[in-house]
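Enquirer: Here you go, one structure.
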Amino acid sequence: MGEAHVPANRILLIPLGFTIWAAAFVVLYATNAIGCAFEWPSAVQRGMLIAISLGFLGLGGVAWHLVHRHWERNAKAEVAPAPTLSIIGIYGLGSAFVAMIGVAIPVLATSMCI
Amino acid sequence: MTDLTPETPSPIRLHKQLERIWGTGPGLQRLAAVNHTVIGKRFMITAFVFFAIGGLLAMLIRAQLATPNAAFVGPELYNQLFSMHGTVMMFLFAIPMLEGLAIYLLPKMLGARDLAFPRLTAYGYWCYLFGGTIIVVSMLFGVAPDSGWFMYTPLSSQPYTPGINADIWLLGVTFVEISAVSAAIEITVTILKLRAPGMSLNRMPLFAWYMLVTALMMVFGFPPLILGSILLELERAFGLPFFDPERGGDPLLWQHLFWLFGHPEVYIIFLPAAGAISTMIPVFAQRKIVGYHAIIAAIVALAFLSFGLWVHHMFTVGIPHLALAFFSAASAIVAIPTAVQIFAWLATLAHGRPRFDIPMLYIFGFFVVFVIGGLTGVMLAMVPFNQQAHDSYFVVAHLHYVLVGGFVFPMLAAVYFWLPHITGRQSVHRISVPAFWLIFIGFNLTFFLMHLTGLMGMPRRIYTYPSNFGWDWLNLLSSVGGFILTMGFALFAVDLILQFRFGRHFRRNIWKASTLDWAMPTRPTSYAFASLPKIEERADGIDPDRLGAELAAGKGYLGFARNNRMETLAVDMTTGRLEHLVVLPNATYLPLLSAGLTGSVVLCTLFKLYIGAIVFAIATVSSFFLWSRTTGLTTDSGPVPVGNGEFVPPDVEVDGSTPWWAMVFALSANGTLFASLIFGALYLWLVAPAWPPAEIADPGFWLWLAPVAMIVSSIVARWATGINRQGGNFAPALFAIVIIDGLTIVLISLALSALPDPTAHAHIATVAAILGYGWLHAAGGFCFALNGLMKARGGYVSARRSLPLRLSVLWHDYTAVTGVIGALLIGAMPMLIGMLEGVR
């Protein structure tokens with residue numbers, strides 16, 4: 001068999017994008033719940049949620065950029081299934097980024113609590 | 001290294017030798033079966049039996065609702081009927097059916113001889129059968145669950161459901177869930193490790209990708225429900241008020257835990273069906289699937305997004321507006337990856353040369369019904385519409401379009417597609433066509449009209465209705481449709497029986513498929529492949545006819561029988577590089593014994609015979625020791641020949657063996673349960689009424705000694721492994737672990753005894769639950785250390801063969817981490833409760 005090795009942790013590229021999305025989702029939901037329970041002023045809470053959203057969007061964007069750049073530079077040199085994992089990872093990061101925007105948009109305008 | 005590869009005998013002789021090793025014996029020996037083909041079929045047949053029972057219940061529901069003011073059944077019985085219908089269909093049909101299909105197909109599609117843990121497969125089946133039987137038999141005694149398949153509190157709490165109805169659901173479903181999680185772990189490890197050499201991840205068939213994602217969703221999705229069931233049973237049996245708002249609990253905590261499981265569950269059911277569709281459509285389109293990579297990305301997206309939707313089942317309970325918007329957005333977004341798959345299937349058909357046969361008819365039914373269900377799902381994702389349609393028949397219509405469209409139609413297609421594989425016969429009758437149309441028309445007549453009754457205001461779960469609301473004709477037509485649907489299923493069953501009995505025999509690969517499952521005799525032999533293939537292209541584009549003949553002649557890997565052992569191969573997770581030899585356990589009655597003992601624990605708990613439950617729990621754990629007793633090798637082996645001139649070590653001599661990975665995934669499931677418990681504690685603190693509590697739970701300094709002991713135990717476990725690697729005597733270190741774990745149990749018991757009455761307030765109850773979790777894990781560590789000693793005494797441990805010690809390290813590391821987190825949370829609770837002063 002071939003001697004080439006692709007470490008098992010490369011599989012984690014596949015869920016990377018949506019792991020960031022899930023973390024963003026949980027942090028946004030938890031912050032909103034805590035803010036409402038402790039009756040934070042609406043502007044403060046909104047500011048925090050916007051900051052969190054931007055932080056995670058930035059994180060997702062950076063991750064997409066790094067994986068994409070790595071794939072462009074190394075796609076031909078790497079053995080299977082590394083390129084496939086990178087491609088699926090890039091798809092995942094891109095769609096998770098869009099999903100993050102979709103979930104974060106209500107932060108801009110929706111009323112905070114009950 | 002000399003080549004000691006056993007000679008490949010003639011194909012007939014090889015078949016006889018392998019059949020003797022892998023086959024299931026006659027008569028009572030069938031109860032000892034561990035073979036994936038046998039167990040997979042049992043799962044599917046049992047699931048269809050439960051499907052028939054669930055269908056019968058549905059007919060009784062429709063008979064009752066056919067006319068207004070009907071007195072066919074009373075309200076109590078009606079509550080049992082709809083609760084049992086949902087429970088049976090979701091827990092006893094859908095999940096086991098997909099498990100059965102995966103168990104039957106996966107090794108064959110991956111090029112392995114069996115799943116990674118055949119005894120676990122059998123144990124899972126017996127747990128499913130016993131758990132399902134307990135639930136169904138309860139109907140005969142009139143004590144079936146009657147609080148809905150979702151078991152909402154406070155309706156299911158002791159004051160409002162004082163009988164054992166709810167207990168049967170909680171214990172029976174948990175029993176079945178054990179089966180599901182064990183199957184999920186097994187499927188995950190099998191897909192990652194037991195593929196044919198050369199099958200890198202990018203060559204894996206889509207069905208395996210679907211099942212991998214589904215199994216991981218089960219690993220992470222089911223523990224919240226298992227935890228919720230345990231907490232509710234603790235409340236019902238011992239009064240710990242997790243869901244009682246008067247004592248600091250919250251009924252909404254149950255809804256969160258239930259739907260954290262419940263919504264991913266919909267996709268857990270849909271994804272395997274979609275995997276089957278992704279396998280069948282290329283066969284009938286006569287071209288490879290379009291968008292292989294995009295589909296994998298879509299499956300992963302779907303899996304994650306499905307965990308972010310659960311609150312859309314709770315839009316009307318009163319949660320912050322912004323949270324509604326988060327979940328509404330996620331619920332709408334999930335349609336996109338679903339659509340990606342649908343467009344990929346349509347593109348495959350559009351770019352291929354489609355030929356039509358019975359499976360395609362059911363796939364057509366799937367497209368129509370599932371797309372309608374998906375569109376009404378997007379409607380329900382919108383908060384204003386959801387609040388109008390909530391708990392109405394519109395939701396009943398939607399969920400049936402999604403579940404029947406997304407699971408039943410594809411499964412019927414899959415049955416027609418793979419039944420020739422199972423029976424070795426092809427259908428000669430055309431009953432399947434009228435059966436399809438009866439099912440399709442009956443289904444749409446039944447459920448499409450429910451959209452209208454729902455929009456006209458008919459609530460769910462009412463046992464009757466007055467005649468002046470305009471619902472009469474719609475309900476009557478729905479009931480007529482239900483009976484047409486039943487006739488269709490009856491015809492389908494007749495068709496299957498006829499095919500089993502009178503179907504024509506065929507040689508191989510009846511559909512001209514291009515996956516490995518057809519590169520074998522049909523019906524399949526017990527060992528699946530006489531020799532294992534080497535994969536050099538994507539595994540959904542092979543030529544089964546050529547490859548099958550070569551493999552039957554023993555020209556692949558392991559084309560021989562050796563030492564009466566069940567052997568298959570494991571590969572590197574990513575590249576599919578040949579890695580090690582896996583020796584599987586032979587047929588045994590132990591899974592049946594262990595499942596019987598586990599069932600006894602459930603029954604004793606059900607009837608509040610707690611001493612008996614403890615005795616049987618100890619007996620169950622002891623039976624698992626018996627599983628481990630003779631597993632492994634007593635001497636170092638080194639690399640052994642596996643054919644094609646290659647040598648690999650046996651599984652017990654490698655680090656990343658299948659049991660090690662199984663432990664990783666089991667602890668992942670366990671970690672999800674622990675995270676759900678922490679979530680529950682914090683949720684109650686933040687949201688539940690009747691906080692702050694009158695009394696703070698303070699376990700004293702025992703609380704801090706216990707995690708210290710856990711950390712020490714973890715360090716000693718690593719130390720024992722290190723000593724073993726250097727060839728030293730590690731037994732004293734294992735003895736030390738036994739003593740430290742015993743001490744940890746005592747410390748946590750003292751901490752528990754220092755608590756105020758845990759029935760007084762949910763805060764004290766959650767602290768007790770976290771301590772109880774630590775207690776159980778210390779006891780588990782004690783068992784692992786004992787097992788290590790037992791294995792060492794039997795000669796099963798050496799510097800090379802260190803699996804029992806490494807499993808112990810994993811367990812003790814996990815226990816230490818969760819122990820520290822649990823202690824920190826308990827320690828922080830007084831401060832957190834102090835923060836509530838002035839706010840609540």
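The values are calculated or read from the model by the stated rules, or taken from the named source; none is laboratory data. Just so we're clear, the structure is a prediction, and the values are computed from it rather than from any experiment. Positions of Cβ are backbone-derived with ideal geometry, glycine not excepted, and every protein chain shown enters the neighbour counts. Note: areas computed on protein heavy atoms with side chains; ligands, DNA, RNA excluded. Shrake-Rupley method; radii C 1.70, N 1.55, O 1.52, S 1.80 Å.
Enquirer: Would you call B:F326 facing chain A (nearest Cβ under 8 Å), open to solvent by less than 10 Å² (accessible area, probe 1.4 Å) and either over 24 Å from B:L101 (Cβ atoms) or part of a helix (DSSP H, G or I) (or both)?
Expert: yes
Enquirer: Please work out if B:A208 is within 14 Å of another protein chain (Cβ to nearest Cβ), part of a loop (DSSP other than H, G, I, E, B) and out of contact with any Cys (no Cβ under 7 Å at 6 or more places or on another chain).
Expert: Spelling it out, it is not the case that B:A208 is within 14 Å of another protein chain (Cβ to nearest Cβ), part of a loop (DSSP other than H, G, I, E, B) and out of contact with any Cys (no Cβ under 7 Å at 6 or more places or on another chain).
Enquirer: Restrict the check to segment A:82-92 and report whether at least one residue is open to solvent by 30 Å² or more (accessible area, probe 1.4 Å), under 24 Å from B:I299 (Cβ atoms), modelled with pLDDT of 95 or more and not hydrophobic (A, V, I, L, M, F, W, C).
Expert: Taking every residue of segment A:82-92 in turn, none turns out to be open to solvent by 30 Å² or more (accessible area, probe 1.4 Å), under 24 Å from B:I299 (Cβ atoms), modelled with pLDDT of 95 or more and not hydrophobic (A, V, I, L, M, F, W, C).
Enquirer: Identify the residue in segment B:562-579 that is away from chain A (no Cβ under 14 Å) and within 27 Å of the chain's Cα centre (by Cα) and, among all such residues, is surrounded by the most Cβ atoms within 10 Å (Cβ to Cβ).
Expert: By that ranking, first place goes to B:T568.
Enquirer: Which condition breaks for B:T316 when tested against (1) away from chain A (no Cβ under 11 Å); (2) part of a helix (DSSP H, G or I); (3) polar (S, T, N, Q)?
Expert: Just one mismatch for B:T316, condition (2).
Enquirer: Looking at segment B:158-173, which of its residues are farther than 11 Å from B:S83 by Cβ, open to solvent by 10 Å² or more (accessible area, probe 1.4 Å) and in contact (Cβ under 8 Å) with a residue 60 or more places away in the chain?
Expert: Those that are farther than 11 Å from B:S83 by Cβ, open to solvent by 10 Å² or more (accessible area, probe 1.4 Å) and in contact (Cβ under 8 Å) with a residue 60 or more places away in the chain: B:Q158, B:I164, B:L171.
Enquirer: Here is a follow-up. Restricting to segment B:116-157, give me the number of residues that are more than 28 Å from B:L101 (Cβ to Cβ) and without any contact (Cβ under 8 Å) to a residue 24 or more places away in the chain.
Expert: 3
Residues checked against (1) over 13 Å from the mean Cα position of the chain (by Cα); (2) more than 23 Å from B:T588 (Cα to Cα); (3) not aliphatic (A, V, I, L, M):
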| position | (1), (2), (3) |
| --- | --- |
| B:L155 | yes, yes, no |
| B:F175 | no, no, yes |
| B:S200 | yes, yes, yes |
| B:A208 | yes, yes, no |
| B:M217 | no, yes, no |
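Enquirer: I'd like the full set of residues that are in a helix (DSSP H, G or I), in contact (Cβ under 8 Å) with a residue 60 or more places away in the chain and out of contact with any helix residue (DSSP H, G or I) (no Cβ under 6 Å at 6 or more places or on another chain), limited to segment B:748-768.
Expert: If the condition is that a residue be in a helix (DSSP H, G or I), in contact (Cβ under 8 Å) with a residue 60 or more places away in the chain and out of contact with any helix residue (DSSP H, G or I) (no Cβ under 6 Å at 6 or more places or on another chain), then B:H763, B:I764, B:A765, B:A768 are the ones that fit.
Enquirer: When segment B:729-787 is examined, which residues are found to be open to solvent by less than 10 Å² (accessible area, probe 1.4 Å), among the β-branched types (V, I, T) and within 13 Å of B:S808 (Cα to Cα)?
Expert: Hit for segment B:729-787 is B:I737, nothing else.
Enquirer: Still on this model: Mind listing whichever residues of segment B:184-205 are open to solvent by 10 Å² or more (accessible area, probe 1.4 Å) and more than 14 Å from chain A (Cβ to nearest Cβ)?
Expert: Once the filter is applied, which keeps residues that are open to solvent by 10 Å² or more (accessible area, probe 1.4 Å) and more than 14 Å from chain A (Cβ to nearest Cβ), segment B:184-205 yields only B:I185.
Enquirer: Working carefully through the options A:W71, A:W21, A:W64, find the one that is buried (at least 18 other Cβ atoms within 10 Å of the Cβ), in a helix (DSSP H, G or I) and facing another protein chain (nearest Cβ under 9 Å).
Expert: A:W21
Enquirer: Which one of the conditions (1) surrounded by 20 or more Cβ atoms within 10 Å (Cβ to Cβ); (2) facing chain B (nearest Cβ under 9 Å); (3) part of a helix (DSSP H, G or I) does A:V6 fail to meet, given that it meets all the rest?
Expert: Here A:V6 clears every test but (3).
Enquirer: Of all residues in segment B:583-612, which are assigned to a loop (DSSP other than H, G, I, E, B), under 13 Å from B:A32 (Cβ atoms) and open to solvent by 50 Å² or more (accessible area, probe 1.4 Å)?
Expert: Residues satisfying the conditions are B:N586, B:A587, B:Y589.
Enquirer: I need a count of the residues in segment B:799-825 that are open to solvent by less than 20 Å² (accessible area, probe 1.4 Å) and outside any helix (DSSP H, G or I).
Expert: 2
Enquirer: While we're here: From the set of residues in segment B:536-561 that are closer than 26 Å to A:V79 by Cα and touching a residue at least 60 places away in the same chain (Cβ under 8 Å), which is most open to solvent (accessible area, probe 1.4 Å)?
Expert: Among those residues, the one meeting the criterion is B:E536.
Enquirer: A further question on this structure: Specify the residue that is nearest to B:A413 (Cα to Cα); the eligible residues are those in segment B:362-372 that are surrounded by fewer than 21 Cβ atoms within 10 Å (Cβ to Cβ) and touching a residue at least 12 places away in the same chain (Cβ under 8 Å).
Expert: B:F367
Enquirer: Ok, one more. So which of A:G47, A:G55 is over 25 Å from B:V839 (Cβ atoms) and either touching a Phe, Trp or Tyr at 6+ places or on another chain (Cβ under 7 Å) or modelled with pLDDT of 90 or more (or both)?
Expert: Of A:G47, A:G55, the one residue that is over 25 Å from B:V839 (Cβ atoms) and either touching a Phe, Trp or Tyr at 6+ places or on another chain (Cβ under 7 Å) or modelled with pLDDT of 90 or more (or both) is A:G55.
Enquirer: Would you please name the residue that is nearest to B:A530 (Cα to Cα), looking only at residues in segment B:7-41 that are open to solvent by 70 Å² or more (accessible area, probe 1.4 Å) and part of a loop (DSSP other than H, G, I, E, B)?
Expert: Only one residue tops the list, namely B:E7.
Enquirer: Just the residues that are part of a loop (DSSP other than H, G, I, E, B) and aromatic (F, W, Y), please, taken from segment B:536-581.
Expert: Residue satisfying the conditions is B:F560 alone.
Enquirer: If you scan segment B:62-96, which residues turn out to be open to solvent by 10 Å² or more (accessible area, probe 1.4 Å) and either outside any helix (DSSP H, G or I) or over 25 Å from B:L171 (Cα atoms) (or both)?
Expert: Correct list: B:R62, B:A63, B:A66, B:T67, B:P68, B:N69, B:A70, B:A71, B:F72, B:V73, B:G74.
Enquirer: Go over the candidates B:L257, B:L252, B:L231, B:L240 one by one and state the one that is surrounded by fewer than 24 Cβ atoms within 10 Å (Cβ to Cβ) and closer than 18 Å to B:A688 by Cα.
Expert: Just one listed residue meets the conditions, B:L252.
Enquirer: Let me confirm something: among B:V340, B:V290, which residue is open to solvent by 20 Å² or more (accessible area, probe 1.4 Å) and in a loop (DSSP other than H, G, I, E, B)?
Expert: B:V290
Enquirer: Quickly run through segment B:615-629 and pick out the residues that are in contact (Cβ under 8 Å) with a residue 40 or more places away in the chain and either open to solvent by 50 Å² or more (accessible area, probe 1.4 Å) or assigned by TED's automatic domain parsing to the domain that holds B:Y796 (or both).
Expert: Within segment B:615-629, B:V621, B:R629 qualify.
Enquirer: A further question follows. With the checklist (1) hydrophobic (A, V, I, L, M, F, W, C); (2) more than 11 Å from every other protein chain (Cβ to nearest Cβ); (3) in contact (Cβ under 8 Å) with a residue 24 or more places away in the chain in hand, flag the one item B:A350 doesn't pass.
Expert: Here B:A350 clears every test but (3).
Enquirer: Turning to a different aspect of this structure: Suppose the filter is open to solvent by 20 Å² or more (accessible area, probe 1.4 Å), more than 21 Å from B:V687 (Cα to Cα) and either more than 14 Å from chain A (Cβ to nearest Cβ) or among the hydrophobic types (A, V, I, L, M, F, W, C) (or both); does B:L216 pass it?
Expert: yes
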